[in-house]
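Visitor: Next up is a structure, given as structure tokens.
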Amino acid sequence: MKPAIEIKNLHKKYGKTPALRGVNLEIEPCIFGLLGPNGAGKTTLLKILLGLIKPDQGSAKIFGYDCLSQSLEIRKMLGYLGEDHRFYEYMKGKEYLEFIGLIKGLTKEKVKLQTKEILEKVKLSEFGDKKIKEYSQGMKQRLGLAQALIGNPKVIILDEPTSNLDPIGRNDFLKIIKEIGEADTTVVLSSHILGEVEQVCDSLVFLDKGQIVYQGKWPELREKFPQKSLQDIFIEIITGGENE
Ligand SMILES: Nc1ncnc2c1ncn2[C@@H]1O[C@H](COP(=O)(O)OP(=O)(O)O)[C@@H](O)[C@H]1O
Ligand SMILES: [Mg+2]
């Protein structure tokens, strides 16, 4: 089977600012954590996977399809929740999901069926008939996740989805991510919080200044940094121990 994601020698600059500097990555289907401080290049990498940004050099593939030249196939396989997803707040939650389903090209019957299933999955069934402007931040983010799930994508890309959530909202959100990952969807979760990535991700990569500085699985990371807090592990990986 082809890897879920395959990235080769990816480079991207915005004018003179380098955002990615030679990223190579191969990920099997799993819940995958993309970690890194602000400005590390996470969003740029995710947008290249989505076919929204063209790299200066290198290639990115999802299940063997090229993110740039095969964008139609890619779009059918992907769900996306961006950093600052905006809703039409005057819509009701259910209405919004149906609208997204129709945009994604689903039939009316499929849209109805999937909307019901996905609202259950993200624990919003009771609130489908409520206007989005009345939702809490946690509910909005779960609705954002719901719109990414419409159309049964093989891979969902979530760009710092919990950064505006309180601990309870974050916990609820992560529990749903775990359930989705266990149901055979590859999840790419970007974050700057190591603790939340530990809670849900099988495999992780640290990105800093556009380069991968660590890649591995949880047990390996724990073994490498015994008795360190997650925050200290994060800082040590990013600074290469310079802060000690
Ligand atoms: N549209 C843009 N124009 C100019 N510079 C950008 C743009 N988007 C990102 N950058 C720069 O590229 C680098 C990586 O940014 P980004 O991919 O957004 O990182 P992250 O998501 O990890 O915070 C940063 O230095 C950022 O300032
Ligand atoms: Mg970002």
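Visitor: Please report, in debye to the nearest 20, how large the charge dipole of the chain is about its Cα centre when each Lys and Arg carries +1 at its beta carbon and each Asp and Glu carries -1 there.
Guide: Details: 36 positive and 34 negative charges, 188 e Å.
So the dipole magnitude of the chain works out to roughly 900 debye.
Visitor: Under the 0.36 nm per residue contour assumption, what length would be gained going from the current alpha-carbon distance of N164 and K209 to full extension? Could the numbers behind the result be given before it?
Guide: Working: separation 45, 0.36 × 45 = 16.20 nm, distance 2.35 nm.
The span from N164 to K209 would gain 13.9 nm if fully extended.
Visitor: Leaving out same-chain residues fewer than 8 places away, which lysines sit with a Cα under 21 Å from that of K112?
Guide: By straight Cα distance, K112 reaches K76, K92, K94, K104, K121, K123, K130, K131, K140, K154.
Visitor: Sorting check: for 81-94, 151-164, which peptide has the highest mean count of neighbouring beta carbons within 10 Å, and how do the rest follow?
Guide: Answer by packing, highest mean first, reads 151-164, 81-94.
Visitor: Could I ask something else about it? First check a/c for region 47-144, with a ≥ b ≥ c the square roots of the eigenvalues of its C-alpha gyration tensor; if it is under 1.5, answer rounded, and if not, answer prolate when a/b is larger than b/c or oblate otherwise.
Guide: Cα axes put region 47-144 in the prolate bin.
Visitor: So, one more: Once the Cα atoms of helix 230-239 and of the chain are each reduced to a long axis, what angle between those two axes, in degrees from 0 to 90 to the nearest 10, is obtained?
Guide: Once rounded, one gets 60 degrees.
Visitor: Sort out for me the Cα centre separation of region 125-161 from region 162-203, rounded to whole Å.
Guide: The two parts, judged by their Cα centres, are 14 Å apart.
Visitor: Separate question: So what's the back-of-envelope 222 nm ellipticity for the chain, counting only DSSP H runs of four-plus at -39500 (n - 2.57) apiece and dividing by all residues, rounded to 500?
Guide: Numbers: 9 runs with 93 residues, N = 244.
Rounded to the nearest 500, the figure is -11500 deg cm²/dmol.
Visitor: Given a cut-off of under 8 Å on Cα pairs at least six residues apart, what relative contact order in percent is computed for region 73-182? Present the calculation step by step, with values, prior to reporting the outcome.
Guide: On the way: 129 pairs, mean separation 44.8, N = 110.
Value for region 73-182: 41 percent.
Visitor: Something else now. Using +1 at the C-beta of Lys and Arg and -1 at the C-beta of Asp and Glu, which of I118, S136, T107 has the Cα lying farthest in the positive direction of the dipole of region 98-168?
Guide: With unit charges placed on the Cβ atoms, the residue in question is T107.
Visitor: Next question. If packing is taken as the mean number of other Cβ atoms within 10 Å per residue, what is the order of 45-53, 72-80, 167-175, highest first? Don't skip to the answer; put the middle values down first.
Guide: Working: 45-53: 21.0, 72-80: 18.0, 167-175: 16.0.
By packing density, highest mean first, the sequence is 45-53, 72-80, 167-175.
Bear in mind that the values in this text are calculations on the coordinates, not laboratory data. Predicted model, so just to flag it, every value in this text is computed and none were measured. With ideal geometry, Cβ positions are generated from the backbone for all residues, glycine too; neighbour counts draw on all protein chains shown.
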